[in-house]
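Working notes, beginning with the structure itself.
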Amino acid sequence: MKNNKYLHKKFISTYDPNNISKKYTILKNEKKIILKKLSDSISNRNINNSVKYIIELHCSGFIDNIITKLTNIYFNDINLAEPNGINLLYDFLNYYYKKYDGKLKKKSHYF
């Protein structure tokens, strides 16, 4: 990684996401436990914990898992209360799957 002359070395990340196990997050938590905690925190409307778990999963490269979980929660729990959400979800998923096609996903383990 090229060093930035304006950024101190202690702020530059040196870990490689390709070395992270598919079963664990970067904080060494099991992925399935964090996904369960994410579902519970969303159901309990605990925004702080929801964001914390999403950030942990995102930094660990489990972006598809986050999208799947949020989509399922929307369709199972939220859809009648927020009918305009389907348009936002459609636009995001359309963008995401066009941007990150199958070739990119095969190259990287964390899609």
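Might you let me know whether region 65-74 holds any residue that is among the polar types (S, T, N, Q) and surrounded by 15 or more Cβ atoms within 10 Å (Cβ to Cβ)?
Looking through region 65-74, at least one residue is among the polar types (S, T, N, Q) and surrounded by 15 or more Cβ atoms within 10 Å (Cβ to Cβ).
Here is a check on your reading of the model: is TYR110 touching a Gly at 6+ places or on another chain (Cβ under 6 Å) and modelled with pLDDT under 85?
yes
The values are calculated or read from the model by the stated rules, or taken from the named source; none is laboratory data. None of the values given here were measured: they were computed from a predicted structure. When we count neighbours, we look across all protein chains shown, and the Cβ atoms used for this are built from the backbone with ideal geometry, even at glycine.
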